[in-house]
1. Please work out which one of (1) in contact with a strand residue (DSSP E or B) (Cβ under 9 Å, 6 or more places away or on another chain); (2) outside any loop (DSSP other than H, G, I, E, B); (3) open to solvent by 40 Å² or more (accessible area, probe 1.4 Å) is the condition N128 fails and give its number.
2. So, T66, is that one open to solvent by less than 40 Å² (accessible area, probe 1.4 Å), of a type in the set (V, I, T) and outside any helix (DSSP H, G or I) or not?
3. Taking the stretch 1-28 as the search range and keeping residues that are of a type in the set (K, R) and assigned to a helix (DSSP H, G or I), which one is modelled with the highest pLDDT?
4. Name the single residue, out of those in the stretch 53-65 being of a type outside the set (D, E) and at pLDDT 95 or above, that is farthest from I6 (Cα to Cα).
5. So how many residues does the stretch 49-94 have that are in contact (Cβ under 8 Å) with a residue 60 or more places away in the chain and of a type in the set (G, A, S)?
6. Scanning the stretch 34-45 for residues that are hydrophobic (A, V, I, L, M, F, W, C) and surrounded by fewer than 16 Cβ atoms within 10 Å (Cβ to Cβ), which turns out modelled with the highest pLDDT?
7. Condition check: within 21 Å of R33 (Cβ to Cβ), among the acidic types (D, E) and modelled with pLDDT of 95 or more. Does D159 satisfy that?
8. Taking I75 as the residue in question, decide whether it is modelled with pLDDT of 95 or more, assigned to a loop (DSSP other than H, G, I, E, B) and buried (at least 20 other Cβ atoms within 10 Å of the Cβ).
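The values are calculated or read from the model by the stated rules, or taken from the named source; none is laboratory data. Note that the structure is predicted; figures quoted are calculated from it, not measured. Here the Cβ is made from the backbone with ideal geometry for all residues, glycine too, and neighbour counts use every protein chain on show. Note: accessible area is taken over every heavy atom of the protein model, side chains too, but ligands, DNA and RNA are not part of it. Shrake-Rupley method; radii C 1.70, N 1.55, O 1.52, S 1.80 Å.
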Amino acid sequence: MPIRLIAGLGNPGREHERDRHNVGFWLVDRLARAEGASLRKDAKYHGLLAKLAGPHGDVWLVEPQTYMNLSGKAIGALARFYKIAPEDVLVVHDELDFLPGVVKLKLAGGAGGHNGLKDTIAQLGGQNFWRLRLGIGHPGDRDLVADYVLSSPSPADRDAIEGAIDRALAIVPELLDGRMEIAMQKLHSTPKA
């Protein structure tokens, strides 16, 4: 099934723009720009929204403006109103377990301690949605995670993350066409040096 809703997770406000936790917003911002779309505030859906013309109909981009812990509120509201099945939703989020520069696509799975995913699972009524996981690295100590995700990556890590976003944007045509296996093969294959 083609992806009809792409949700980037993050926190609203200028003070969070450069946070590692906002890599989902970074990707959605770049996708909207590449498609010539503008993200506009929509109070009804608790987020910034843009609509793209996909090969199989409208594709919605959303950046929830409810803060990370309530991300699912915007995603769930959009999915319900436009009758978008969970398996046609792609959630883009930061992944502590991957180094910066690593990006992986998968269907379903738990929240892994990620509050944005936890709320999305609750709002969509299950785990059966796609995730695009952008590595941000781990601070090495569980007690440091909260501050780490709310701080900016080093310039080298930012470059690696932007490179991962480049690779993810390259598979958007496959995602919007429902060719998920091909998208995963392209994304997960190691580039030739």
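1. Result: N128 fails condition (2) only.
2. Details: open to solvent by less than 40 Å² (accessible area, probe 1.4 Å): yes; of a type in the set (V, I, T): yes; outside any helix (DSSP H, G or I): yes.
Answer is yes for this residue.
3. At the first step, the residues of the stretch 1-28 found to be of a type in the set (K, R) are 4, 14, 18, 20.
When the remaining residues are screened for being assigned to a helix (DSSP H, G or I), the result is 14, 20.
Numbers: R14: 94, R20: 97.
Here the answer is R20.
4. Q65
5. Here the count works out to 5.
6. If we filter the stretch 34-45 for residues that are hydrophobic (A, V, I, L, M, F, W, C), which is where we start, we get 34, 37, 39, 43.
Now restrict to residues that are surrounded by fewer than 16 Cβ atoms within 10 Å (Cβ to Cβ): 34, 43.
Working: A34: 96, A43: 91.
Checked the stretch 34-45; the qualifying residue modelled with the highest pLDDT is A34.
7. Values: within 21 Å of R33 (Cβ to Cβ): yes; among the acidic types (D, E): yes; modelled with pLDDT of 95 or more: yes.
Yes; evaluated as a whole, the condition is true for this residue.
8. Values: modelled with pLDDT of 95 or more: yes; assigned to a loop (DSSP other than H, G, I, E, B): no; buried (at least 20 other Cβ atoms within 10 Å of the Cβ): yes.
No: the conditions fail for I75.
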